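Everything on this sheet refers to the single structure shown next.
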Amino acid sequence: MILYFSGTGNSRWAARRLADALGDDEVVSINDALKAGEAPTLRSERPIAVVAPTYAWRLPRVVDAWLRRVSFEGNRDVYFVLTCGGAVGNAAKYARRLCRDVGLRFRGLAEVVMPENYVALYDVPDEEECRKLLARAGERLDQLAALVQAGVPFPDTPPTMKARFRSGPVNAAFYPALVHDKAFAASDACTSCGLCAARCPLNNIALEAGRPAWKGECTHCMACIGGCPTEAIEYGEKSKGRRRYYLEEGAVAS
């Protein structure tokens with residue numbers, strides 16, 4: 001079983017690629033479950049893979065919280081695959097703690113470098129570089145799938161002091177300092193298509209007088225700003241002039 005959470009499509013793409021490599025047709029969208037307010041009982045006879053983006057060098061808090069509400073039956077082996085723009089820090093420590101708390105067997109955490117999508121802070125690579133990153137990510141996912149298929153845990157790399165600091169104090173400061181929706185706004189380029197509201201996993205966006213309004217429960221997945229077809233959404237001054245990124249479902253690395 002593959003469980004995935006995705007904002008601008010990287011982790012959804014990675015989950016589908018991993019599922020294809022494993023021949024596993026049980027692919028569960030955490031986004032859909034969150035939108036529906038569901039924390040179901042999940043049963044799998046095969047190992048579970050959790051695919052998600054890296055938020056400040058750890059599994060997103062919204063994913064961690066959802067996994068703690070879900071009931072698991074059957075196979076309790078869990079592999080974590082975190083997509084990132086650079087590194088995952090000491091994310092394995094916290095994924096291991098999560099597994100211990102909910103009675104799952106931690107089988108390792110691996111990073112997959114993909115195009116940067118956090119336009120609230122960083123620039124997105126150009127199209128050519130994105131294609132190269134996706135191609136390398138596909139190869140990496142095939143390698144990880146082979147380990148899962150063989151029942152082998154992902155290699156454990158001892159964290160550096162920098163990795164510990166990033167996943168510890170920096171992550172703790174990241175949420176109160178940056179993860180809010182106060183800076184989001186839509187310009188006159190907005191066409192009232194409603195895609196931002198439809199894609200928001202936390203139902204945090206509503207159209208008011210034809211424009212998106214954010215309601216204070218944002219997780220900074222960047223689905224709204226990255227997926228806006230007219231690039232009408234900005235995150236204050238920080239996103240202005242930056243290339244947007246949204247990987248459509250069904251995209252294939254060339």
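The values are calculated or read from the model by the stated rules, or taken from the named source; none is laboratory data. These numbers were taken from a predicted model, which means no experiment stands behind them. Note that we place each Cβ from the backbone using ideal geometry, even for glycine, and neighbour counts take in every protein chain shown. Only protein heavy atoms, including side chains, enter the accessible area calculation; ligands, DNA and RNA are left aside. Shrake-Rupley method; radii C 1.70, N 1.55, O 1.52, S 1.80 Å.
Let's see how each residue does on (1) of a type in the set (D, E, K, R); (2) open to solvent by less than 40 Å² (accessible area, probe 1.4 Å); (3) part of a helix (DSSP H, G or I):
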residue: Ala15; (1), (2), (3): no, yes, yes
residue: Asp25; (1), (2), (3): yes, no, no
residue: Val50; (1), (2), (3): no, yes, no
residue: Ala56; (1), (2), (3): no, yes, no
residue: Arg96; (1), (2), (3): yes, no, yes
residue: Cys99; (1), (2), (3): no, yes, yes
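Examine segment 240-253 for a residue that is more than 28 Å from Glu129 (Cα to Cα), open to solvent by less than 70 Å² (accessible area, probe 1.4 Å), part of a loop (DSSP other than H, G, I, E, B) and at pLDDT below 95, and state whether such a residue exists.
Checked segment 240-253: no residue is more than 28 Å from Glu129 (Cα to Cα), open to solvent by less than 70 Å² (accessible area, probe 1.4 Å), part of a loop (DSSP other than H, G, I, E, B) and at pLDDT below 95.
Go through Ala91, Ala39, Ala120 for me and flag whichever is modelled with pLDDT under 95, closer than 30 Å to Arg242 by Cα and among the hydrophobic types (A, V, I, L, M, F, W, C).
Exactly one residue qualifies, and that residue is Ala120.
Is it the case that segment 5-14 has a residue that's of a type in the set (D, E, K, R) and closer than 24 Å to Arg243 by Cα?
Scanning segment 5-14 turns up at least one residue that is of a type in the set (D, E, K, R) and closer than 24 Å to Arg243 by Cα.
Could you look through segment 175-214, keep only residues that are open to solvent by 60 Å² or more (accessible area, probe 1.4 Å) and among the basic types (Lys, Arg), and pick out the one that is farthest from Tyr55 (Cα to Cα)?
Going through the qualifying residues, I end up with Arg211.
Name every residue in segment 222-239 that is open to solvent by 20 Å² or more (accessible area, probe 1.4 Å) and assigned to a loop (DSSP other than H, G, I, E, B), in order of residue number.
Result: Cys228, Pro229, Thr230, Glu231, Gly236, Glu237, Lys238.
Taking the residues in segment 111-128 that are of a type in the set (D, E, K, R) and over 15 Å from Cys221 (Cα atoms) as candidates, determine which candidate is least open to solvent (accessible area, probe 1.4 Å).
Glu111
Sort out which residues of segment 72-86 are open to solvent by 40 Å² or more (accessible area, probe 1.4 Å) and within 19 Å of Pro115 (Cα to Cα), and write them in order of number.
Matches in segment 72-86: Gly85, Gly86.
Looking at Glu217 and the list (1) open to solvent by 30 Å² or more (accessible area, probe 1.4 Å); (2) farther than 24 Å from Asp32 by Cα; (3) assigned to a loop (DSSP other than H, G, I, E, B), which single condition is not satisfied?
(2)
Give just the number: which of (1) within 26 Å of Leu34 (Cα to Cα); (2) surrounded by 20 or more Cβ atoms within 10 Å (Cβ to Cβ) does Ala145 not satisfy?
(1)
So which residues in segment 204-214 are part of a loop (DSSP other than H, G, I, E, B) and in contact with a Phe, Trp or Tyr (Cβ under 7 Å, 6 or more places away or on another chain)?
Selection gives Asn204 alone.
Anything in segment 154-165 that is open to solvent by 60 Å² or more (accessible area, probe 1.4 Å) and within 23 Å of the chain's Cα centre (by Cα)? List them, or say none.
Matches in segment 154-165: Pro155, Asp156, Thr157, Lys162, Arg164, Phe165.
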